[in-house]
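Here's the structure, in structure tokens; my notes come after.
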Amino acid sequence: MSRSNDNTGTMPVRDSVAIDATRLAAWMTDNVEGFAGPLQVEEFKGGQSNPTYKLVSPGQNYVLRRKPPGRLLRGAHAVEREARVMSALAGTGFPVPRVYGLCEDETVIGTAFFVMAMVEGRIFWDAALAEVPRDERRASFDAMVATLAQLHSIVPASVGLSDYGRPGSYLERQIAIWSRQYVEDTDAGRDANMDRLVEWLPENIPDGDETAIVHGDFRCDNLIFHPTEPRILAVLDWELSTLGHPLSDFAYHAMMYRMPARISAGLAGLDLVALGIPSEEEYIRAYCRLTGRSGIPDYDFYIAFNFFRIAAILHGIKGRVARGNAASSHAEERIRMLPELAALAWEQAKRAQET
């Protein structure tokens, strides 16, 4: 079965993340404009972090994102931040779903949550965009890089997000955060390459600093494409968004070029020319052109950091599996990738040292 089939559509809500539909419907009646019951709740298959639900009503379908139940690591699963950044960006022309309401009252369904519009379109779980005709793939990649460049061009203060994160020293803080979460999550064990990176990364941060709104997890499966056209209707999953370094955010997205296809939405080892997909060098040049840059010095460092970060995220999922509160039924499959991703992260670090 393909990764797309595994993650597409809905399923009955698992007992571990069940919702009281009656209490939720009462909250929506009071807080969601235009809502009228009855309400049916289904769980989306995809996603690893915050449980996500399809809410079906006679007049309209909605999406609910919540914190997972159980003990959580400090600062993780911040659905309040997701709701805030999407609401702020809604008036800029940037493609985000409409947020109908945020509920921080844990007595309603057991955790904080928000409700947003359900955007109909295509989600691609394969970075090679196998479902897209070859002659439309380059335009689809153009749409992805243009959307990310658009986000990085929005001035945080202009949309009320000047306090959405601390400006400056983003890489230092991110390395410290993910290193701390890796070290503190003793339920998930240790990895030798992660231990090396925890030491190497803070000693090799590039000079220069920039601040922009960063998504933090910008990849094809967090985007909703138009049903038939190569354009993006909505960017999803803003849990890791903050004020940060735009080059780090771009490198996370472009990491797909060095990610093996067998691991997670990667392009490494594929014949990009035959697939009609721009090369990594072309993609970097496109981002630089859209953002007025002449190039990206220390690009390999940003890639190394992002491989480390995604490995740290999987390490966190491994810890949640051990504690019994992982959000996705596919979590155990994902955490088997951790050792190889950690090794890839260290390979990128060695590559950065050679340039």
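Just so it is clear, none of the values below were taken in a lab; they were calculated from the coordinates. Because the structure is predicted, anything quoted here is derived from the model rather than measured. Because the Cβ atoms are built from the backbone with ideal geometry, glycine has one as well, and the counts that use them run over all protein chains shown.
Points to keep in mind about this one:
- Sorted on the mean count of surrounding Cβ atoms within 10 Å across their residues, most packed first, peptides 82-91, 150-159 read 82-91, 150-159.
- Stretchable slack from V13 to E203, in nm (0.36 nm times residue separation minus alpha-carbon distance): 63.9 nm
- Segment N31-A90, length gained on full extension (0.36 nm per residue, minus Cα span): 19.4 nm
- Nearest 10 degrees, 0 to 90: helix 170-184 Cα axis against the chain principal axis: 70 degrees
- Axis of helix 280-291 versus longest Cα principal axis of the chain: the two differ by about 70°, to the nearest ten degrees.
- Compared with the dominant Cα axis of the chain, that is its longest principal axis, helix 134-153 is turned about 90°.
- Whole-Hz ³J(HN,Hα) from phi, Karplus 6.51 cos²θ - 1.76 cosθ + 1.60, for region 53-63, glycine and proline x: 10, 9, 9, 9, 9, x, x, 6, 9, 10, 10
- Applied to region 300-305, the Karplus parametrisation 6.51 cos²θ - 1.76 cosθ + 1.60 on θ = phi - 60° returns per-residue 3J(HN,Hα) values of 5, 5, 4, 5, 4, 4 Hz, with x for Gly and Pro.
- Amide hydrogen proximity for R98: with H placed 1.01 Å from N in the peptide plane, the residues at 5 or more positions away or on another chain lying under 5 Å are A117.
- Peptide ranges 10-20, 338-348 listed from the most packed, as the mean C-beta count within 10 angstrom indicates: 338-348, 10-20
- Cα-based equivalent ellipsoid of region 3-117: semi-axis lengths in Å, sorted from largest, via gyration tensor: 19, 18, 16
- Percent RCO, i.e. relative contact order, over the chain, from Cα pairs under 8 Å lying at least 6 residues apart: 18 percent
- Environment charge at G165 (Cβ cut-off 11 Å; Lys +1, Arg +1, Asp -1, Glu -1): +2
- Ordering of 97-110, 231-244 by burial proxy (mean other Cβ atoms within 10 Å per residue, highest first): 231-244, 97-110
- Gained length - I177 relative to R289, 0.36 nm times residue gap less alpha-carbon distance: 37.2 nm
- Modelled spin-label separation between E136 and V155, with each label point placed 7 Å from Cα along the Cα-to-Cβ direction: 3.8 nm.
- Between L275 and E347, the C-beta separation translates, for a Förster distance of 35 Å, into a calculated FRET efficiency of about 0.90.
- Contact order normalised by residue count of region 3-117, Cα under 8 Å, 6+ apart, percent: 23 percent
- Each of S169, S294 has some number of other Cβ atoms within 10 Å of its Cβ, and from fewest to most they run S294, S169.
- Long-range amide H partners of A234 with built H, under 5 Å: I224
- Contact order relative to length of region 241-309, as percent, for alpha carbon pairs under 8 angstrom and 6 or more apart: 34 percent
- Shape analysis of the chain yields a ratio of the Cα radius of gyration to the Kirkwood radius, Rg/Rh, of 0.94.
- The label point for R98 and the one for E80, both projected 7 Å from the Cα toward the Cβ, are 2.6 nm apart.
- Across region 220-225, coupling constants 3J(HN,Hα) worked out from phi with the 6.51/-1.76/1.60 Karplus curve, θ = phi - 60°, read 4, 7, 9, 10, 10, 8 Hz, and Gly and Pro carry x.
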